[in-house]
Amino acid sequence: MTKASSAGETVERSQNCTIRLIVLKDDGSTAARQSVLKIFHRLGTTGEGIDGYRMVALDVPPEANLPKIRELLEHGAVKGWWHWEEGCITAAWEATDSLTPRTSSTGSAETGA
């Protein structure tokens, strides 16, 4: 009987972030997921669409345009194009949170005050 292998210790942490989106536009069709990937690719990400879940997973390297990516994520959420969540993030990604005005579900900017 062979033992299943598993991942060992982390050798070196990546500086990449992982962002997951559930694509709402066009019910998360293949074309809609590909469109999302293409838009974010222009800002320096790579990623993949996942059939059956309307999901897109973005791999965001540190040299990508992090503030623009966050701005687009929040804009798309307000417009009802997708829901998004952070998977694995870095301090550089967290710093973009203070650069982007927060928007509520009604689309109005929150000042955080």
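The values are calculated or read from the model by the stated rules, or taken from the named source; none is laboratory data. Worth saying up front: this structure is predicted, and the values here are computed from it rather than measured. Please note: Cβ atoms are built from the backbone with ideal geometry, for glycine as well, and neighbour counts cover all protein chains shown. In case anyone asks, the SASA skips ligands and DNA or RNA and just uses the protein heavy atoms, side chains included. Shrake-Rupley method; radii C 1.70, N 1.55, O 1.52, S 1.80 Å.
The phi torsions of the stretch 22-29, fed into the Karplus equation with coefficients 6.51, -1.76 and 1.60 and a -60° offset, translate into couplings of 9, 7, 9, 4, 6, 6, x, 4 Hz, rounded to whole numbers, with Gly and Pro shown as x.
Can you tell me the dipole magnitude for the stretch 25-96 around its Cα centre, using point charges on the Cβ only (Lys, Arg +1; Asp, Glu -1), in Debye to the nearest 20? Show your work: numbers first, answer last.
Details: 8 positive and 11 negative charges, 60 e Å.
Roughly 280 debye for the stretch 25-96.
Per residue, the stretch 19-102 exposes an accessible area of 56 Å² to a 1.4 Å probe, with every protein chain left in place.
Here's how it looks for residue 24: its modeled amide H is under 5 Å from those of 82, 83, which are all 5 or more places away or on a different chain.
Across the stretch 11-80, how large is the tail of the calculated P(r) beyond 16 Å, expressed as a percent of all Cα pairs? Intermediate values should be presented prior to the final figure.
Working: 1093 of 2415 pairs.
I get 45 percent for the Cα pairs in the stretch 11-80 exceeding 16 Å.
Computed from backbone phi with θ = phi - 60° and the Karplus coefficients 6.51, -1.76 and 1.60, the 3J(HN,Hα) list for the stretch 62-71 is x, 7, 5, 7, 4, x, 5, 4, 4, 4 Hz; x is used for glycine and proline.
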